Amino acid sequence: MKFFVTFAIFTSLVFSQPPGGGRGAAPAATPAPTPPVAEKPLVEETPVVTKHEIHSNGKTLSYTATAGMMPIKNAQGDIEANLFYVSYVLDGITDYSKRPLLVAFNGGPGSASVWLHMGCIGPKRVKMMDDGALPAAPYQLVDNDNTWLDQADLVFVDPVGTGYSRAQNQTLQKKFNSLEGDVQSVGEFIRLFLTRNERWASPLYLAGESYGTTRAAGLSGYLVENGIAFNGVILLSTVLNFETILFSHGNDLPYMLYLPSYAATAFYHKKLPPELQKSLEVTLKEAERLAVGAYNEALAKGDQLTDADYKAIVAKVARLTGVDQKYVDNSDLRMELMHYLRELLRDQKMMAGRLDSRIIGPAPLNTSEMAEFDPSMTAIRPPYTAMFNQYVHAELGYKTDMTYYVLGGGILGWDYGEQNKNRYVDVSDSLRSAFAKNPHMKVFVGCGYYDMATPYFAAEYTFSHMGLHPSVRKNVVFQYYNAGHMFYIDVPSHKKLKKDIAQFIKSAN
């Protein structure tokens, strides 16, 4: 059985749902009419190389940018796909064997790397409002004061079907649009980049966001078997075990793991009782205790719960999530995400965002069960689309008439293969295997408190249930941000992330 993609970005996570959506799925976007595969035979092309400099925190960074296609070939030497990438190499380095190299991608599956590239890590960033809300057009591109280029050389790659990356034909497109095919093709890209740029001796890092963390975990296990070991893996807005986030009948785990994020959202919008509005940290700790304690027990008991215990837990859940007890009761204690985001602000005829629940939008149809759209996604798509297209043509000099698939349109469907046989996708085994084979590897996990696509408590749960050997548990670092899924679009969180990543890379070199 294959899962098909509904695009709502996790920055992707665009959740993969069963055909037709599935319970709790975000509405699917209309696919782009442009064919997702190459319109003419793929050929190997010469990358475009340009020189640049930016001013970041009082320093001038001079660097070389390369934009081009990396050919992925079969055993016979035929090109099966071209993967578009942009790399940035700091000028003036005398020994690149000591210079870290970081490969970054976003998620979806179906999202280009534009979000990390132009919002977080690269030398330029799209200017948003300070809290990440949509600015007025025309949009702007500015020097990124929090670029990671001072810490590492950077490579942004778009997997097949995203950005400008294309497969030779639809048969190959289906091969690459799968859990295994995606890992293998991006893994081959990394091998080729190291070879063609003579960077095999450099400290090596991966950075993935959303489904990109799923890919990064898979790559860490796959590549160590092929002789490529990472110094560090950076997971931003993490999902490794999909059982923790997919609402479905018979799976109570997401309800428990989302509860603290519901509490954070209610706290931000001042929907909690006065005693819970004093400290986010204190409120979250209370929500976490309830989630793993009485709430988890109540979910497990189901119809065996007594009337008195049921009423007591309804009251506790309502108190910490900011909605009416009657709504919790009518939901049978199980408030699915998109329903909750609609209900919380119903009295204001507004709805909270899924990617960032701080961001709200109008909901004039006040009788609807779920949000009509994600206001936190619509805030980011126009400026990032416009600015990347302007940047890649005008500043990087990469000229093409192809559609750059920012999010969706280039993916035919997503096949989880063996991972999808009567169980949820779970790549934590691959990450645990990488730890076992490379005990020096370190992992950074970044979480946004207002991320309702990949909640922070689910990431904590996954890592605490991976069965990591005690000797490598100390190699996993968690950091938290007062923002959403793409926490870097919030200015204070972006600054904190830069500081945290600089410390992480220093510790992992």
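The values are calculated or read from the model by the stated rules, or taken from the named source; none is laboratory data. Note that this is a predicted model, so its numbers are computed, not measured. Here the Cβ positions follow ideal geometry from the backbone for every residue, glycine too, while neighbour counts run over all protein chains shown. Accessible surface areas use protein heavy atoms only, side chains included; no ligands, DNA or RNA. Shrake-Rupley method; radii C 1.70, N 1.55, O 1.52, S 1.80 Å.
Table for the structure above
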quantity: Single condition R125 does not satisfy, out of (1) closer than 26 Å to F176 by Cβ; (2) free of Cβ contacts under 8 Å to residues at least 60 places away in the same chain; (3) surrounded by 20 or more Cβ atoms within 10 Å (Cβ to Cβ); calculated: (1)
quantity: Qualifying helices (runs of 4 or more DSSP H) (wholly inside segment 402-509; at least 1 residues being modelled with pLDDT of 95 or more and touching a helix residue (DSSP H, G or I) at 6+ places or on another chain (Cβ under 7 Å)); calculated: 428-437, 456-464, 491-508
quantity: Those residues of segment 291-337 which are under 21 Å from L253 (Cβ atoms), in a loop (DSSP other than H, G, I, E, B) and polar (S, T, N, Q), in sequence order; calculated: S331
quantity: Of all residues making up segment 45-79, the number that are surrounded by 15 or more Cβ atoms within 10 Å (Cβ to Cβ), over 25 Å from R99 (Cα atoms) and either modelled with pLDDT under 95 or in contact with a Ser or Thr (Cβ under 8 Å, 6 or more places away or on another chain) (or both); calculated: 1
quantity: Enumeration of residues in segment 359-373 that are open to solvent by 50 Å² or more (accessible area, probe 1.4 Å) and hydrophobic (A, V, I, L, M, F, W, C); calculated: I360, L365, M370, F373
quantity: Among residues of segment 193-212, those that are open to solvent by less than 20 Å² (accessible area, probe 1.4 Å) and more than 16 Å from N231 (Cα to Cα), counted; calculated: 5
quantity: Count of segment 336-358 residues which are surrounded by fewer than 24 Cβ atoms within 10 Å (Cβ to Cβ) and among the aliphatic types (A, V, I, L, M); calculated: 3
quantity: Subset of segment 141-174 [in a strand (DSSP E or B) and without any contact (Cβ under 8 Å) to a residue 60 or more places away in the chain]; calculated: V142
quantity: The listed residue being in contact with a strand residue (DSSP E or B) (Cβ under 7 Å, 6 or more places away or on another chain), among the hydrophobic types (A, V, I, L, M, F, W, C) and in a helix (DSSP H, G or I), out of L61, L102, L116; calculated: L116
quantity: Matching residues in segment 436-487 - criterion: being surrounded by 18 or more Cβ atoms within 10 Å (Cβ to Cβ), hydroxyl-bearing (S, T, Y) and over 16 Å from S357 (Cα atoms); calculated: Y461, T462
quantity: Count - residues of segment 145-175 that are within 19 Å of the chain's Cα centre (by Cα), closer than 19 Å to G232 by Cα and either surrounded by fewer than 23 Cβ atoms within 10 Å (Cβ to Cβ) or not aromatic (F, W, Y) (or both); calculated: 4
quantity: Of the criteria (1) over 22 Å from the mean Cα position of the chain (by Cα); (2) part of a helix (DSSP H, G or I), which one E180 fails; calculated: (1)
quantity: So K285, is it farther than 27 Å from R358 by Cα, modelled with pLDDT of 95 or more and not aromatic (F, W, Y); calculated: no
quantity: G397, sole failed condition from (1) at pLDDT 95 or above; (2) buried (at least 17 other Cβ atoms within 10 Å of the Cβ); (3) in contact with a strand residue (DSSP E or B) (Cβ under 7 Å, 6 or more places away or on another chain); calculated: (2)
quantity: Unmet criterion (only one of (1) in contact (Cβ under 8 Å) with a residue 60 or more places away in the chain; (2) open to solvent by less than 10 Å² (accessible area, probe 1.4 Å)) for A263; calculated: (1)
quantity: Any pair with Cβ under 8 angstrom, 6 or more apart, that starts in segment 187-200 at a residue that is assigned to a helix (DSSP H, G or I) and modelled with pLDDT of 95 or more and ends at one that is open to solvent by 20 Å² or more (accessible area, probe 1.4 Å) and not hydrophobic (A, V, I, L, M, F, W, C); calculated: G187/Y222; G187/N226; R191/N226
quantity: Residue in segment 390-397 that is touching a residue at least 12 places away in the same chain (Cβ under 8 Å), of a type in the set (A, V, I, L, M, F, W, C), within 21 Å of M452 (Cβ to Cβ) and not in a helix (DSSP H, G or I) present; calculated: no
quantity: Single unsatisfied condition, T94 versus (1) more than 22 Å from P383 (Cβ to Cβ); (2) modelled with pLDDT of 95 or more; (3) open to solvent by 40 Å² or more (accessible area, probe 1.4 Å); (4) of a type outside the set (A, V, I, L, M, F, W, C); calculated: (2)
quantity: Unmet criterion (only one of (1) in a loop (DSSP other than H, G, I, E, B); (2) open to solvent by less than 10 Å² (accessible area, probe 1.4 Å)) for S376; calculated: (1)
quantity: Unique match (being of a type in the set (D, E) and open to solvent by 30 Å² or more (accessible area, probe 1.4 Å)) among D490, D426; calculated: D426
